[in-house]
Amino acid sequence: MSVQESVSEEESSGDWVLKAENVSKSFGNLQALDDVSLEINDNEVVAIVGDNGAGKSTLLYSLVGIHQIDSGRIEYATGTVLDDQNTQKVLGDEVGVVHQDMALVGIRPVFENIFMGRQIEKEYLGGLLRVSDKETMRQESRQMLDELGFEMHVDKEVRLLSGGQQQILSFARAMYTDPPIMVLDEPFTALSEEVINKLMDAIDDLKQDHSIVIVSHNLEMVREIADRIVVMRRGEKVADLSGEEIEREDILSLMVN
Ligand SMILES: Nc1ncnc2c1ncn2[C@@H]1O[C@H](COP(=O)(O)OP(=O)(O)O)[C@@H](O)[C@H]1O
Ligand SMILES: [Mg+2]
């Protein structure tokens, strides 16, 4: 099957939760995204692969409204539309993002990082004051990390965690509001084999009632976990593979040719 055929076949499918239509984005003279269309469906893991500089991160950040796009449109099934005029707030409620620049606060404990920017408060002095409810935040953080299968002391300062643990923490933080769509930029980098396996399991569980978009250049992981693989090359989407195509197609040569 040619690349063109597999692209158009995919565009007619399923129950979408997020859809990009003819999205372009430049940085100065550099066209980072060139007329990219893409659908993310319910309960699906979509991997975005491509060489360095192919536009993978730019695509993710455009999908979630961190970047404002130059043309085209991005639509969520909830009705939210992002275009060259609008970047509404979608982070947290509609979509959670885990990216490499994780913006954790090293000198604060794990549980405070999970609740950063949305801390739980309680009334104090008969409602005169509102103070942060650390015990509830501790408990909820503990429970959540447990459910995800990650052991981590919630009172530990984040700067004392390994790189891999920090990555897990940023995953847990993005999960906290339980957005229906999760977007992960290179989640396997810097993780040990053991933690990769736990993360793969967590993603498999999540998939039951979420949609997950993963950028990764780890083709082995991606082939194992993805229901669909979108291949980017120099800003363009060059393939959208599902089912048997994932095994059959030479993804590496699609990436670089
Ligand atoms: N904020 C930015 N400012 C200028 N150029 C950028 C910016 N972000 C990405 N680029 C450029 O856009 C292209 C695509 O980058 P990126 O989406 O990060 O690629 P990938 O994630 O596939 O490695 C690259 O040439 C990169 O240098
Ligand atoms: Mg990138």
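The values are calculated or read from the model by the stated rules, or taken from the named source; none is laboratory data. Note that the structure is predicted; figures quoted are calculated from it, not measured. Counting neighbours? That spans all protein chains shown, and the Cβs are built from the backbone with ideal geometry, glycine included.
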**Request:** Among what's in the stretch 46-82 and is under 16 Å from Glu186 (Cβ atoms) and among the small types (Gly, Ala, Ser), pick the residue that is nearest to ligand 2 (Cβ to nearest atom).
**Result:** Ser57
**Message:** As an exercise: evaluate Ile196 against (1) touching a residue at least 40 places away in the same chain (Cβ under 8 Å); (2) surrounded by fewer than 18 Cβ atoms within 10 Å (Cβ to Cβ); (3) of a type in the set (A, V, I, L, M) and give the number of the one condition it does not meet.
**Reply:** (1)
**Asked** Do any helices (runs of 4 or more DSSP H) lying entirely in the stretch 148-229 carry at least 1 residues that are over 22 Å from Arg118 (Cα atoms), in the same structural domain as Leu18 (by TED's automatic domain parsing) and in contact with a helix residue (DSSP H, G or I) (Cβ under 8 Å, 6 or more places away or on another chain), and which ones are they?
**Response** 193-206, 219-225
**Scope the stretch 230-247; condition assigned to a strand (DSSP E or B) and either buried (at least 22 other Cβ atoms within 10 Å of the Cβ) or of a type in the set (D, E, K, R) (or both); matching residues** = Val230, Val231, Met232, Arg233, Glu236, Lys237, Ala239, Asp240, Leu241
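So which of Thr136, Thr189 is out of contact with any His (no Cβ under 6 Å at 6 or more places or on another chain), in contact (Cβ under 8 Å) with a residue 12 or more places away in the chain and within 16 Å of ligand 2 (Cβ to nearest atom)?
Thr189
Within the stretch 22-80, count every residue that is among the charged types (D, E, K, R), within 16 Å of ligand 1 (Cβ to nearest atom) and either crowded, with 19+ Cβ neighbours inside 10 Å or not assigned by TED's automatic domain parsing to the domain that holds His217 (or both).
2
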**Prompt:** Do we have Glu94 as under 20 Å from the mean Cα position of the chain (by Cα) and closer than 22 Å to Ile196 by Cα here?
**Reply:** no
**Asked** Is it true that some residue in the stretch 83-100 is buried (at least 17 other Cβ atoms within 10 Å of the Cβ) and farther than 30 Å from Val36 by Cβ?
**Response** no
**Set Val183, Val195: member being in contact with a Gly (Cβ under 8 Å, 6 or more places away or on another chain) and within 16 Å of ligand 2 (Cβ to nearest atom)** = Val183
